[in-house]
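The values are calculated or read from the model by the stated rules, or taken from the named source; none is laboratory data. This structure is a prediction, so every number in the text was calculated from the model and none was measured. We place every Cβ from the backbone using ideal geometry, glycine too, and count neighbours over all the protein chains shown. Protein only, heavy atoms only, side chains kept; ligands, DNA and RNA dropped before computing areas. Shrake-Rupley method; radii C 1.70, N 1.55, O 1.52, S 1.80 Å.
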Amino acid sequence: MSRQRPAILSEPPLALWAAEAYLRARAGVAVSSAWAPTFVPPGTWWGLPVRLGLLGVEATDDVPVASDWVVAVDPESETVRVYPAAEGDVVTATFGHQDFNGRAERSWGVRSGYLCTASSTHKLAQARAAEYDEPANLYERVLWHVDRALDWLRDAATGRLHKAGEPFELPDYKTGGRRPGTLAVYEDAAALAAWRDAPRVGLAEIVRVGHREHGVDAVREWRDLDGHEIVQPPWGTHVTELNGHQRAAWIRLDELPVVGPWQAPASGPELLTAVRAQGLDPRELLEPVWRHLRGVPGALLLVGAPIPPRFGESASTMHWQALRLPALGKEKPRTRATRDNKDFAQVLGHARTLDWVPTTENWHPDVIGNRGRLRREIREMAVVLIGAGALGSVVADMLVRMGVRLLVVVDHDRYEAGNGVRHRLTLGEIGTLKALALAAQLNASNPSARVRGYGVSLPSDVPDVVGALAEADLVIDCTASDTLLEDLPALGLKPDARVVSGSVGLGANQLYVFADRADQFSATAFDAWFSRHRRREHAAAADLGLPQASGCWHPVTPVPYHRLLRQAGLFVERIEALAAVPAERAAEVYSLDVPPALRAAA
């Protein structure tokens, strides 16, 4: 249990006194005064004013030979931050690996631009102590942050904060404070090629994904001012079918607009200066845009430029940053030119702080999916999953979350309350066709997913189902039905399609996997292999007094959900491996290490 945060601090921890004593003797550091309560809320952080010097490096206009800073420590979380002081010999410019430094928080005694020294792999250059983790001991942690601040100053003065080969860093767009917001885009190298031939300005369609207030604004399509498509992001079904879109405008630049060393433009004049530095006339470019945004509440102007994955490399994607616009006045007859000039002046012609949406996320699967995904050849397959029961629902969920985009789910059953002990669906889907409800849920789990569900039995004469089976690269059977395996030749599968059938046994102790090419798949061969396992499952079920059936498909068969998840995960691993083997039959059994103690229901 964490300690209750004190209302007012009395004495700093002993570790801070020890750190202060060390820093007083540290080369390049001059302690200006002792630790004192600071920050808002009052008295909950300790601050140590220090002067940091450039060791062996010449001063610049932006980095004096010695500058004033505050080492701030939250004793509750033991967080350490290094801020420029609000007054004195202060670094006022914003550099790389630094928050926006344009505000003096005088009540705190600091400026807003604290250094990103928090982690050896977060923002700070990898070459600078990247092999060391932040110390757990508070005393050592304070010294570690101050040492990294000294490194930062030297690199800032010598222009070495952004080293070739390091991950590209965006400027901090929280120029107006901490107002939240996120823009989602879908960008890759192919889209960048289209952008290079696009006009400089145009219109975009924005939809809200998720919570009405705290969700994300996604750019669904990009068009020129005449309505012609420029780039059509391949969003999945969920984003494509969202209602309530809003119009936005966009302007395409040749590089990110940056002020000084690495500051996002904080005012209209700063943005205009940064755009003009690229040889572009923002007034001329934006003149035809304003009329499209009048009467649009909360309109956005999306400012885009190509960026590289790493410093020193060629650009690979477009980055877009959204700028919230003030409400634009109505246009009256014969006053368009006057109105355009007023709109330009209202948005960009004065020193009012720009209201940037601080966060942009690229929802391309290569970006958001790289935390855990299947190999590319599986993700790009057209997949049909037959059987949306317990095992099928979990397997489908894993596949889609790990990158499978094109999935068709086929199952004629409806969801019942008793299914909920081991199924991905919920009470809200009771009575619905499992395949349709699961498809809707899966589409909402991956912004690139295009999952279709069909509540039919197989074989089927429904054209869409027939077509999906004929185009499938991979067919996954989770029905545990021998009849389905016998009917495979009638489903019209491609000869080289891979068929993988999986089921779990009593208590999910065993996972049974059988796979082959569609033109070689034999129900007779499966039955010859599975017959001895069937007899064992049958006998175990009889001993428990269960109905004479085996496998998770029987509604009263004990299959604990946590064990089902373990077997489903293993099944997905085997699907990934077996789908890449075009012509080899596989017949595999996997057992969990410790069988559960099962007993028949009373």
Inset, instruction - Can you send over the carbon and sulfur percentage of the accessible area for region 128-270, probe radius 1.4 Å, protein chains only? - result: 46 percent
Inset, instruction - Multiply the residue gap between Tyr22 and Glu78 by 0.36 nm, knock off their C-alpha separation, and tell me the result in nm, one decimal place. - result: 18.3 nm
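Please sort by residue number the trypsin sites (Lys or Arg not before Pro) in region 143-182 whose DSSP state is loop and whose Cβ has at most 16 other Cβ atoms within 10 Å. Don't skip to the answer; put the middle values down first.
Numbers: sites: Arg148, Arg154, Arg160, Lys163, Lys174, Arg178; in loops: Arg160, Lys163, Lys174, Arg178.
Counting only loop positions with at most 16 other Cβ atoms within 10 Å, the trypsin sites (Lys or Arg not before Pro) in region 143-182 are Arg160, Lys163, Arg178.
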Inset, instruction - Give a residue-ordered list of calculated ³J(HN,Hα) values for region 228-245 (Karplus: 6.51 cos²θ - 1.76 cosθ + 1.60, θ = phi - 60°; whole Hz; x for Gly, Pro). - result: 7, 5, 9, 9, 10, x, x, 4, x, 4, 4, 5, 4, 9, 5, 9, x, 6
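List the trypsin sites (Lys or Arg not before Pro) in region 321-422 that DSSP assigns to loop (not H, G, I, E or B) and whose Cβ has at most 15 other Cβ atoms within 10 Å. Which are they? Working shown, then result.
Details: sites: Arg324, Lys330, Arg334, Arg336, Arg339, Lys342, Arg352, Arg371, Arg373, Arg375, Arg376, Arg379, Arg401, Arg405, Arg414, Arg422; in loops: Lys330, Arg334, Arg352, Arg371, Arg373, Arg375, Arg405.
Here the sparse-neighbourhood loop sites are Lys330, Arg334, Arg352, Arg371, Arg375.
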Inset, instruction - Step through the residues of region 201-216 one at a time and calculate ³J(HN,Hα) from phi using the Karplus curve (6.51 cos²θ - 1.76 cosθ + 1.60, θ = phi - 60°), rounding each to whole Hz and writing x for Gly and Pro. - result: 9, x, 10, 9, 10, 10, 10, 8, 10, x, 4, 4, 9, 10, x, 10
Inset, instruction - Scan (i) 17, 43, 25, 9, 5, 1, 0; (ii) 17, 36, 33, 15, 0; (iii) 16, 37, 28, 14, 4, 2, 0 for the value of P(r) over Cα pairs in 20 Å bins from 0, in percent calculated from this model and give just the label. - result: (ii)
Legend entry - Amide H partners (placed H, <5 Å) of Leu323, local residues excluded: Leu301, Leu302, Val303, Val357
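Given Cα positions, please report Rg to Rh for region 212-345, the hydrodynamic radius being the Kirkwood one. Walk me through the intermediate numbers first.
Details: Rg = 16.3 Å, Rh = 16.8 Å.
Looking at region 212-345, the ratio lands at 0.97.
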Legend entry - Accessible area of region 362-444 belonging to carbon and sulfur atoms, whole % at 1.4 Å probe: 52 percent
Inset, instruction - At a temperature of 4 °C and a viscosity of 1.567 mPa s, determine how fast region 174-237 diffuses translationally according to Stokes-Einstein, using the Kirkwood radius over alpha-carbon pairs as Rh; express D in µm²/s, rounded to the nearest whole number. - result: 97 µm²/s
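Once the other residues with Cβ under 13 Å from the Cβ of Ala444 are scored (Lys, Arg +1; Asp, Glu -1), what is the net sum? Each step should come with its number before you reach the end.
Details: positive: Arg401, Arg424, Arg450; negative: Glu241, Asp397, Glu429.
That works out to 0.
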Legend entry - Residues in region 264-282 that a label on Asp62 would reach, taking backbone N under 20 Å of a point 7 Å out along Cα→Cβ: 264-279
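With the contact rule set at Cα under 8 Å and sequence spacing of 6 or more, what percent relative contact order holds for the chain?
9 percent
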Inset, instruction - Have a look at region 21-72 and give its Rg and Dmax from the Cα atoms, expressed in angstrom. - result: 12.9, 39
Legend entry - Rg in Å to one decimal, and Dmax rounded to a whole Å, for region 359-422 via C-alpha atoms: 14.3, 43
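Determine the gain in length on full extension of the stretch Ala36-Ala277; use 0.36 nm per residue of separation and subtract their C-alpha separation, reporting nm with one decimal. Intermediate results must be reported in sequence, preceding the final value.
Values: separation 241, 0.36 × 241 = 86.76 nm, distance 4.44 nm.
Length gained, Ala36 through Ala277: 82.3 nm.
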Legend entry - At most 14 other Cβ within 10 Å, DSSP loop - GluC sites (Glu not before Pro), region 220-323: Glu241, Glu255, Glu313
Inset, instruction - List the residues whose amide H sits under 5 Å from the amide H of His364, counting only those 5 or more places along or on another chain, with H placed 1.01 Å from N in the peptide plane. - result: Glu187
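Rounded to the nearest 0.05, what FRET efficiency do Leu14 and Asn370 have when you use their Cβ-Cβ distance and R0 = 51 Å? Present the calculation step by step, with values, prior to reporting the outcome.
On the way: r = 44 Å, r/R0 = 0.86.
Calculated value: 0.70.
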Legend entry - C-alpha long axis of helix 336-348 to longest principal axis of the chain, angle in °: 80 degrees
Legend entry - Pairwise label distance in nanometres, Lys494 with Arg196, each label 7 Å out on the Cα-Cβ vector: 3.2 nm
Legend entry - region 341-389: proportion of alpha-carbon pairs further apart than 13 angstrom, %: 76 percent
Legend entry - Solvent exposure of the chain as accessible area per residue, Å², 1.4 Å probe: 46 Å²
Legend entry - Tilt relative to the chain, helix 138-158 - C-alpha long axis, 0 to 90 degrees, to 10: 70 degrees
Legend entry - Residues with amide H under 5 Å from that of Ile230, placed H, sequence gap 5 or more: Trp222, Arg223, Asp224
Inset, instruction - Would you mind getting me the FRET efficiency between Glu87 and His228? Use the beta-carbon distance for r and R0 = 60 Å, nearest 0.05. - result: 0.65
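In region 497-543, what percent of the accessible surface is made up of carbon and sulfur (1.4 Å probe, ligands and nucleic acids excluded)?
Numbers: 810 of 1700 Å².
Accessible surface attributable to carbon and sulfur in region 497-543 totals 48 percent.
Could you give the length gained by full extension between Ala580 and Asp254, i.e. 0.36 nm per residue of separation minus their alpha carbon distance, to one decimal place? Mind showing how you got there, number by number?
Values: separation 326, 0.36 × 326 = 117.36 nm, distance 4.20 nm.
Here the segment from Ala580 to Asp254 would lengthen by 113.2 nm.
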Inset, instruction - Give, as ranges by residue number, the residues of region 353-377 whose backbone N falls under 15 Å from the point 7 Å along Cα→Cβ of Arg324. - result: 353-360
Legend entry - Rounded to 10°, Cα long-axis angle of helix 523-543 versus longest principal axis of the chain: 90 degrees
